[in-house]
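Data block below; observations after.
What follows draws every value from the coordinates through simple rules; no lab data is involved. Everything quoted here is computed from the prediction, not taken from an experiment. Note that each Cβ is placed from the backbone with ideal geometry, even for glycine, and that neighbours are counted across all protein chains shown.
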Amino acid sequence: MKISLLISTYNWPQALELVLLSVEKLTVKPHELLIADDGSTAETTDLIIAFKKRSSIAVCHLWHEDKGFKRSEILNKAIAQSTSDYIIQTDGDCILHPSFVKDHISLAQKNRYLYGSRVSINEEVSPTLFLEKKIKFNFFSAGINKRLRAIRIPLFSIFFKPKTTLSKKVRGCNISYWREDFIDVNGYNEDMTGWGREDSELITRMINKGCIGKRVRYCGLIYHIWHPPASKTSFNKNDQIQKDATKHKTIRCDNGIDKYL
């Protein structure tokens, strides 16, 4: 199967640079790298151009004008351009373990989505993180929280059984799914603007379709770079959209990816 690694980003080239450096260290490379850019400035574009010149991976940079938090829209636009069978998704502030793609592929099965956790990098180490361009971490690394999540023992993942209900641990920075399933539910719901619930609402509709979820634990590791919390002004609206999708067993959203296909 062909694999797309999908990274969402917005105006933080210093973090994206570390993420792209970690992409170069992947033991198993994706067939294509999709960068969903929610309206960043030219500094991010220049960074991506430089990466494309030195990378053996096919890179597709999808950008649209900055009109506020339109992450759902740019993710749909990126996946519409994908030529792969399977999407592995993360964010532009998450450094990848070298086996990140390999681990997701190893657990991929039809009618299944995967969701993993993230190790938190503390605020106080951020200056040296960027200065030293540090992308290598482990259980003993200074400056991380939730360090049990930094343990990689893939065999232990068998103890986490698939679930037919939504987990509170679903995060868009560490999920993967079949592109076919994504298209069937019409992708991200673009009625959801602003931060909050867009990823779990997508997964809710996949569950309603009949997909089951498996937690990626003790593998599929990522390291989240600290940043100030996002504005939650749209959270209540988005939360209600997700509740409605759960209540009405919604599979397809109306305002989704189909307009780009």
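Before moving on, here are some points about what is shown:
- Against the empirical 2.2 N^0.38 Å (N residues), the chain has a Cα radius of gyration ratio of 0.95.
- Here the Gaussian network model covers the chain, with springs between Cα atoms less than 10 Å apart; of 30, 98, 127, 127 fluctuates the most.
- Of 162, 154, 228, the one that fluctuates the most in a GNM where the chain has Cα springs shorter than 10 Å: 228
- Residue among 55, 84, 40 with the largest mean-square fluctuation in a Gaussian network model of the chain, springs linking Cα atoms under 10 Å: 55
- Dipole magnitude (debye, nearest 20) for the chain, charges at Cβ of Lys, Arg, Asp, Glu: 1300 debye
- Potential extension, residue 55-residue 110 segment - 0.36 nm per residue separation minus Cα distance: 16.8 nm
- Computed from the C-beta positions of residue 81 and residue 159 and an R0 of 41 Å, the FRET efficiency is 0.65 to the nearest 0.05.
- Most positive-pole-ward Cα, 165, 207, 141, against dipole of the stretch 140-261 from beta carbon charges: 141
- Taking label positions 7 Å along the Cα-Cβ direction at both residue 151 and residue 14, the computed distance is 3.3 nm, reported to one decimal.
- Taking label positions 7 Å along the Cα-Cβ direction at both residue 248 and residue 231, the computed distance is 2.8 nm, reported to one decimal.
- Of all DSSP beta bridges confined to the chain, the antiparallel ones make up roughly 30%.
- Using a cutoff of 8 angstrom between alpha carbon atoms and counting only pairs six or more residues apart, the relative contact order for the stretch 3-260 works out to 25 percent.
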